[in-house]
1. Mind checking the full-extension length gain between residue 88 and residue 48? Use 0.36 nm per residue of separation minus the Cα-Cα distance, one decimal, nm.
2. Using 0.36 nm times the number of residues separating residue 37 and residue 17, minus their current alpha carbon distance, what extension gain do you get?
3. For labels at residue 96 and residue 25 in the simple 7 Å Cα→Cβ model, what's the distance in nm?
4. Based on the mean of other beta carbon atoms within 10 Å per residue, what is the order of 84-91, 46-53, most packed first?
């Protein structure tokens with residue numbers, strides 16, 4: 001079963017929590033939409049995918065299906081919310097390679113803060129979006 005078909009299992013409260021723009025100082029910025037679409041923005045154009053949050057598992061798991069983007073993988077993360085404006089993702093598995101993450105990668109925590117569109121200090125300027133192809137590959 002893919003992350004796309006699992007989207008309907010999201011609980012409404014969790015889905016509402018994630019909806020919006022999120023800033024991370026150590027990784028990609030993210031945009032989560034109500035329909036299950038996610039955008040990853042990291043030194044280049046937006047990369048579109050689908051997300052699913054499984055809070056029934058222990059620990060909770062965030063799955064991002066990015067196979068139709070340049071990322072070309074399904075990404076698995078341990079998920080932990082700290083407050084209504086903060087959550088953490090810890091990379092655990094990449095389906096493209098079929099391998100678990102190395103222990104050093106598992107210690108990498110991606111901390112996200114929700115951006116308030118009404119706050120001029122936390123506006124869209126936090127998102128450096130480019131429409132040109134990613135030249136780092």
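1. Stretched out fully, the residue 88 to residue 48 stretch lengthens by 12.4 nm.
2. Working: separation 20, 0.36 × 20 = 7.20 nm, distance 1.42 nm.
My answer for the length gained is 5.8 nm.
3. Spacing of the two 7 Å Cα→Cβ label points: 2.8 nm.
4. Top to bottom by mean Cβ count within 10 Å: 46-53, 84-91.
Here, each number is a calculation from the coordinates, and none is a lab measurement. Computed from a predicted model, the values in this text were never measured in an experiment. Every residue, glycine among them, receives a Cβ derived from its backbone with ideal geometry; neighbour counts consider all protein chains shown.
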